[in-house]
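Report on the following structure.
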Amino acid sequence: MTDLVFLNALRSKLKGGNIRSIHLNALPGRFATRLDLSNLNYIKPDFAENFLEQLFIISSFEFKISFDSIDLNNIQIEEQKKLGLLSKRLNSLHIENEDNYKEHGIKTFGFGFPILIKPSKQDPTKIIKAPIFIWQLEIVKASNKVNTWSILRNKFRNEAGRMVDEEIHSVGLNEVLLSFIKTDENIFIPQINEELLEDAIIDRDELIAECIKVLKALNSNVSNNLAEDLTSKIGMPLINIPESSALEAISSNQAWIYFGGVFGLFRTQKESIINDIDVLIDRYDEFKFENLVVEKFTGTSLSAIETDPSQQEILSTLGIEPKKIIQGPPGTGKSQSLTALITNALANKLKCLVVCEKKTALEVIKRNLHKEDNKLGELAALIEDINKDRDGIVNSVRDRLNYLSYSTRFNPISYTSVRDIAETKVAEWNNNHKQLEKNLYRGKYWTELVGDFLSKQKRADYSLLKMKLDHKQFKFDEDENELTDIVEILTSANELYNSIGKLNHPLEILNDELFNSANIIAIQQNLLEVAKNVLSRITLAKIELSEQLQVYASWVDSHFFEYYNELKKESNKYLSFIDANYKEFGEAFYKNDPLTNFKISVLSKISNSYKSLQQNKSEITTRINEIIGLHNSLNYFEHTFIDTGEIKNNRLYIENINKLLVSADNWFNENEKTRSKYKDEFSSSYFHPLFQIFLK
């Protein structure tokens, strides 16, 4: 949103001038466009004081400067040089003021008085010599006389050559100085009260009062006689402003005022921009900032030069938002991105303006365009000075116009065909990239999974499992928890193996050490001893295992019976509940259609019997859910329960629960047979035949 607060803040920021500008260093020195007010006394005594007197009492005047009263042939050479310098500077001021008006649309000639001398707080080696007040004036050179000029305040020369009054321009404090003081010392000095300037004049007393206000804001200690001191100094005859070195030599840590004046061009570096902002502020209500429509970019996103993915992303998203910021440290491709934007604009029959504070950056972009193609570079014009660069640009345009008749005719059909092919390929590649961004497994996309695989490959040799595992047996794409379950089992197995340090294979006892002897009989004897020892250990293990199995079998019997018994008990209780309600309420208890339920709901409000019926029918779902929960807690056998939301007759529940009881009986009886079989098999000895071979 563009608002007045922002515009005023931007205006203040732009008015912060350079410390070498006339706003902060007003000493005339060798500047051709600066004139010390006291130099007017070269023409006649007190001539400069006469100008000041008019400035303090008249809001609109013409102050004529002329050498007519001076016989240049009868004065000293030194005085002739002074008048010559005065003439040159007045002419320079006039010419530069007119040139500025032609180039920037604003005249900046003015008068600054008095001069504030103070060291910079952030850099005490720098001394500020800034005018406190600036009067906007006009300088005109006589067209029919030499060495004759007019300094105008609130007047201008019309087309007939006559001086007429114009719109009143008041006087103000040096805004650049105020901005500098706020930045340098964080001291805010307000502008002059508008009521004080209703007559567009600031007299001596008002000027002294404002100077006191400035000095009190800048100095921690001020003299009680400050007003008298300043009044006496402003009444003294004007002398030439000392050189910069002389003023700096007598400067202290305190700010002080030198009562000297300077004519000059009080132009900031961004004067034309400030002027435009002033227009925006003055005519703010005429601009419909909130309703501005930014035309969407609808051209192709292809660039005529090579781009990396980030630069291509900039081109591809041009039409989404009207503004885009590209930032990054040096060498990251910002200039190349701008080059791509320019070529893209030209390809879409658009114009492109690149503005930069430094010429170097513009030269880099222009050099990039020439590097890509000389013809492309010739389409770019680098403008630093509108006067110096005008001839080169005009000649370049003429050369291109002359060359058009000799150039090859552009084939739009061929260009469109090539562009369509390129856009199709770009769309295909972008689609492939989007596929890579899809989540494939446990929230990870392709590149992440490949990265995980490569990182794990460094720590383990998966080739050992390559011939032992079949990927078709896994369900990674269907069940994301499968891998977690397998990893948990392998982790548990790894802990068990690490606790004993070996696999304990039964044939591990037949190691190489048994066959190291050259005596066959000795080897056979060793094998017999091992066989006896193993048989003894197996017998002990079998006894211990048998005892553990009996304990486990008893626990399994108790566990299965408890589950079976609890399920049957809850199911029978449910059937008894159904039967009791049927005897009490009849078919109304079984019916579950909307009409019956509505009827029961209405009558339950006036009848206790129907109220009990409604409550008991609702309890059917609660009880059936308890049975479902009990069955699913272990889920030892399969059974499909009826969806409670689709039952229109509660009789179906009876059939379903009866089927559950039958399934439970079958499961329990089958488990009884299985457990008995395992017990019989374990009680028989099937280890002995193996070791009988060794004992024979």
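The values are calculated or read from the model by the stated rules, or taken from the named source; none is laboratory data. Quantities reported herein were computed from a predicted structural model and do not represent experimental measurements. Cβ atoms come from the backbone with ideal geometry, glycine included; neighbour counts cover every protein chain shown. Heavy atoms of the whole protein, side chains included, go into the accessibility calculation; ligands, DNA and RNA do not. Shrake-Rupley method; radii C 1.70, N 1.55, O 1.52, S 1.80 Å.
Summary of values
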item	result
For Phe641, distant residues with modelled amide H under 5 Å away	none
Percent of alpha-carbon pairs separated by more than 14 Å within region 591-642	62 percent
Karplus 3J(HN,Hα) series, Hz, for region 35-42 with 6.51 cos²θ - 1.76 cosθ + 1.60 (x for Gly, Pro)	9, 5, 3, 5, 5, 5, 6, 5
For region 200-288, convex hull of alpha carbons as volume per residue, Å³	190 Å³
Extension reserve of the Tyr636-Glu437 stretch, reckoned as 0.36 nm per residue once the Cα distance is removed	67.4 nm
Peptides 488-495, 592-599 ordered by average Cβ neighbours within 10 Å, highest first	592-599, 488-495
Per-residue [θ]222 nm for the chain (sum of -39500 (n - 2.57) over DSSP H runs n ≥ 4, rounded to 500)	-17500 deg cm²/dmol
Nearest-ten-degree value, helix 4-14 long axis tilted from longest Cα axis of the chain	60 degrees
Length gained when the stretch Glu566-Glu62 is fully extended (0.36 nm per residue, less Cα-Cα span)	169.7 nm
Matching label, percent of Cα pairs over 51 Å apart computed from the structure shown, candidates (1) 13; (2) 22; (3) 58	(3)
Cα long-axis angle, helix 359-372 against the chain (0 to 90 degrees, to the nearest 10)	60 degrees
For peptides 564-571, 227-234, sequence by mean Cβ density within 10 Å, most packed first	564-571, 227-234
For region 1-126, alpha-carbon Rg and Dmax in angstrom	18.8, 68
The chain, relative contact order [Cα under 8 Å, separation at least 6], %	11 percent
Stokes-Einstein D (µm²/s) once Rh is taken as the Kirkwood radius of region 521-572 over alpha-carbon pairs, at 25 °C in 0.890 mPa s	171 µm²/s
Protection proxy ranking, peptides 456-463, 174-181, 4-11, average beta carbon neighbours within 10 Å, highest first	174-181, 4-11, 456-463
³J(HN,Hα), Karplus 6.51/-1.76/1.60, whole Hz, each residue of region 464-475, x for Gly, Pro	5, 9, 4, 8, 10, 10, 10, 4, 5, 7, 9, 10
Equivalent ellipsoid semi-axes, region 45-102, via Cα gyration tensor eigenvalues times 5, rooted, Å	24, 20, 9
Contact order normalised by residue count of region 75-209, Cα under 8 Å, 6+ apart, percent	16 percent
Accessible area per residue in Å² at 1.4 Å probe, computed on the chain	67 Å²
Pairwise label distance in nanometres, Met163 with Gln76, each label 7 Å out on the Cα-Cβ vector	3.2 nm
Accessible area of the chain belonging to carbon and sulfur atoms, whole % at 1.4 Å probe	53 percent
Taking N as its residue count, the alpha carbon Rg of region 118-215 over 2.2 N^0.38 Å	1.42
